[in-house]
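Structure, as structure tokens:
The values are calculated or read from the model by the stated rules, or taken from the named source; none is laboratory data. Keep in mind that what you see is a predicted model, and the values were worked out from it rather than measured. With ideal geometry, Cβ positions are generated from the backbone for all residues, glycine too; neighbour counts draw on all protein chains shown. Surface areas here come from the heavy atoms of the whole protein model, side chains and all, with no ligands, DNA or RNA. Shrake-Rupley method; radii C 1.70, N 1.55, O 1.52, S 1.80 Å.
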Amino acid sequence: MPDFSQLPSVEKLAHALASEVTLPRPLITGFVKRSLVRWRERLAAGEDTERETIEKDILTTLKSFASSRLQPVINATGVLIHTNLGRSPLGQRATSALGGVATGYSNLEFNLLDGKRGQRASYLETALAVLLETEAATAVNNCAAALVLALRTLISPEKNEVIVSRGELVEIGGGFRIPEVLETSGARLVEVGATNKTHLDDYAGALTEQTALILKVHRSNFYLGGFTAEPAVPEIASLARKHGIPLVEDLGSGAVMNTDELAPIDHEPTPQEALRNGIDLVIFSGDKLLGGPQSGIIAGGSNLVSRIKAEPFFRAVRCDKLILTVLQECIDDYLHSKGGGTPDIPVLNFLSTPLESLESRAKTIVKELEKLPARVTIVETSSQTGGGTMPRSEFPSLALEIVTKGTGLDTLAAKLRSARPAVIGYLHEEKFLLNLRTVFPSQDKALISALREALQ
Ligand SMILES: *Cc1c(COP(=O)(O)O)cnc(C)c1O
């Protein structure tokens, strides 16, 4: 007979735990109840446990649950677009506009001139089209949704074949694989070429009465080198045009500016270039190198974009007013800076921060940590753009290297993660590094306090 007397009382335990975490009290009680259900099962299964063990276990899991609450962190990994850390931070300008629209009513679908129903996102769509130098554009929840939406719009039961080069059957991460996305959209994948080489004839030979479109996918997170070949986009474009089928490109990141002018990195293809080269419809993420909120942008010819907007599935993946506000500010920012200067986009600022300014901040931080039982030095390292952009692009950066006396590096890393805001660094060759390129200067003070606390 299992001994359920070891199970603590919900109320008593919840009361005791309330001083350990700052969570709503009913959530603590609910969490304790759910944990006790599992403990009851374990006891019923014959596990022999003391009450103290159960209470300790629930405290540990509750703390871990509390830390999973969405909160800001300091990204000291040096990876600019870190999907696990929320990709692109937003600029001040983009978020300052949020308050007004978020806390009040807005003209989301209301025409202020005639007082009648208005078009949702019409300003943003025109601004995007102007920025991207094309006829039309729109935005949906993310790039994956944009791709599914474009595919669903452009295929029909009679014409459902989508031609993709074998060198571009990318897996983006998080289960996003091009062949599977095509399948979900009702398309039939027609692979052409070989992994390393695809010729124009391969595309031409695959065209049938059932061909709906040719899809190009940017190899955003891997690099194909060696004995390779692929036709230039204008060649594929003229083939597609000759047969009256659209050529669509999933560009992934899609930097709108020449990011290689900001840092010594590979050139990231821009949507403007893709469209100039003959792509009919380009699709890219809003929260990678564009530096906006999570969204997927679709741009190109106005007849294709209007067909996409008329597809019923568009309604299921449309952006809400908060995203539209932030994206609108972000696109305006790019347009304002067209005359010169860089928009207020943190990832672009991080890309272009000179090493000297990282160095002077690093020196200040090192000085602040002088008296601690650890050796903190400034080391040269590199940064990556990340997030499925320019897989080969590493560029110079500076990091604080921390060698502890006593505490293990894993413990140090864990202590820094438990700071608020949490500090996320990385281990590299038995050393713990904090890369300053992705740390906002305004976070230096918090970084110093977290280090003091962790190293003391
Ligand atoms: C990142 C990426 C995606 C997915 O973008 P989300 O905005 O996360 O949906 C799709 N395609 C490519 C090529 C990418 O690099």
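Of note:
- For residue 258: the one exception among (1) open to solvent by 10 Å² or more (accessible area, probe 1.4 Å); (2) polar (S, T, N, Q); (3) within 16 Å of the ligand (Cβ to nearest atom): (3)
- Scan of the range 234-293 for residues that are at pLDDT 95 or above, out of contact with any helix residue (DSSP H, G or I) (no Cβ under 7 Å at 6 or more places or on another chain) and of a type in the set (Asp, Glu), ordered by number: 273, 287
- Per the conditions (1) part of a loop (DSSP other than H, G, I, E, B); (2) in contact (Cβ under 8 Å) with a residue 12 or more places away in the chain; (3) over 30 Å from residue 379 (Cα atoms), the sole criterion not satisfied by residue 77 is (3).
- Candidate set from the range 383-403 (those that are open to solvent by 40 Å² or more (accessible area, probe 1.4 Å) and of a type outside the set (A, V, I, L, M)); member that is farthest from residue 264 (Cα to Cα): 391
- Members of the range 32-47 found to be open to solvent by 30 Å² or more (accessible area, probe 1.4 Å) and either touching a Leu at 6+ places or on another chain (Cβ under 6 Å) or of a type in the set (A, V, I, L, M, F, W, C) (or both), listed by number: 37, 44, 45
- In the range 364-380, the residues that are within 15 Å of residue 76 (Cβ to Cβ) reach residues that are part of a helix (DSSP H, G or I) and among the acidic types (Asp, Glu) with C-beta atoms within less than 7 angstrom, at least six apart or across chains, in these pairs: 365/444; 378/359.
- Residue 360 being small (Gly, Ala, Ser), touching an Asp or Glu at 6+ places or on another chain (Cβ under 8 Å) and open to solvent by 20 Å² or more (accessible area, probe 1.4 Å): no
- Unmet requirement for residue 144, which otherwise passes all of (1) touching a Phe, Trp or Tyr at 6+ places or on another chain (Cβ under 7 Å); (2) in the same structural domain as residue 444 (by TED's automatic domain parsing); (3) among the small types (Gly, Ala, Ser): (2)
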